[in-house]
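The values are calculated or read from the model by the stated rules, or taken from the named source; none is laboratory data. Nothing here was measured: the structure is a model prediction, and the numbers come from that model. Don't worry about glycine lacking a Cβ; one is built from the backbone with ideal geometry, like all the others, and counts go over all protein chains shown. Surface accessibility is based on the protein's heavy atoms, side chains included, excluding ligands, DNA and RNA. Shrake-Rupley method; radii C 1.70, N 1.55, O 1.52, S 1.80 Å.
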Amino acid sequence: MKGFTEMTEQEILALTEEDVQKLIKLRMMEEGIKIMDKPEVPELFEIEPADLKVFTIPFFEGYAFTDMEEANAVAEALRNAKTLRKVEYDWNKLGSDYKYLVKKDKYNYSIKPDFEVNCGFVYSSELYEKISNFAAQNKVMKEQAAKDQKEYDEKMQEASGIISEISGRVKEVKVKYERLNRLTYKFATDYYPLSDHNEDMAMKFMAKAYSFTDKEKEYILQNHKELLSTSDE
């Protein structure tokens, strides 16, 4: 394939989207940028949702109750406790042999109150055993997809200058000729027939209404008759 910078405007106009992508890949290849296809989204296994309703208290992080009344009773007892304290020690100063008590307004790092009962869902042991292998495979596929997407994005960033240059030039040429063809059509269907098919007179009238360069004028005069014959067909 001819290099993009060597192409004429007519050759650029004839490019398909597939051709444009080939030109981009060719330049990437020349500049040593890894060519990658856009990663596909992996088809994951459908995982059943957690089936066991539980009740948690932030103070007991990592623990849960399966009975709401029992959880509420424990939370109420904690709220009413008068002597509850946090056991702490200074590892750098004296180590764990010397512990002391601290009364705190908040004992847990959760944004929720320490002794509030919260509802949620977790997996029962039986269902966890059933879904764990599929969930593990999903995890591997998602991690690999994220890795592939990251590499793809990095390569596209490396190639962004190439993509911008080629795609921008293709768009520029297409916009240019879309405008020229609109002007040519207007000349052929309005100005030329209304001027008794006198090109000079038609161009003179059209120049009063439209701004175009000498090259654009030349294009219109060279192509308007061909446009008319094509339309007639």
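Structural remarks
- Condition check for Glu69 on (1) free of Cβ contacts under 8 Å to residues at least 12 places away in the same chain; (2) surrounded by 11 or more Cβ atoms within 10 Å (Cβ to Cβ); (3) in a helix (DSSP H, G or I): one failure, at (2).
- For region 77-106, the set of residues classified as in contact (Cβ under 8 Å) with a residue 12 or more places away in the chain, touching a strand residue (DSSP E or B) at 6+ places or on another chain (Cβ under 8 Å) and not charged (D, E, K, R) consists of Val87, Tyr100, Leu101, Val102, listed by residue number.
- Members of region 53-84 that are among the β-branched types (Val, Ile, Thr) and at pLDDT 95 or above: Val54, Thr56, Ile57, Thr66, Val74
- Scope region 143-187; condition of a type outside the set (Ser, Thr, Tyr), open to solvent by 70 Å² or more (accessible area, probe 1.4 Å) and within 19 Å of Ile12 (Cβ to Cβ); matching residues: Glu165, Arg169, Lys171, Glu172, Lys174, Val175, Lys176, Glu178, Arg179, Asn181, Arg182
- Tally, over region 134-144, of residues that are without any contact (Cβ under 8 Å) to a residue 24 or more places away in the chain and closer than 29 Å to Phe65 by Cβ: 2
- Residue match in region 75-92 (condition: over 30 Å from Leu44 (Cβ atoms), open to solvent by 90 Å² or more (accessible area, probe 1.4 Å), out of contact with any Gly (no Cβ under 8 Å at 6 or more places or on another chain) and of a type in the set (Phe, Trp, Tyr)): yes
- Just one of the listed residues (Glu9, Glu40) is open to solvent by less than 80 Å² (accessible area, probe 1.4 Å), on the phi < 0 side of the Ramachandran plot and of a type outside the set (S, T, N, Q), and it is Glu9.
- Test: residue in region 107-130 that is in contact (Cβ under 8 Å) with a residue 40 or more places away in the chain, surrounded by 12 or more Cβ atoms within 10 Å (Cβ to Cβ) and assigned to a helix (DSSP H, G or I): yes
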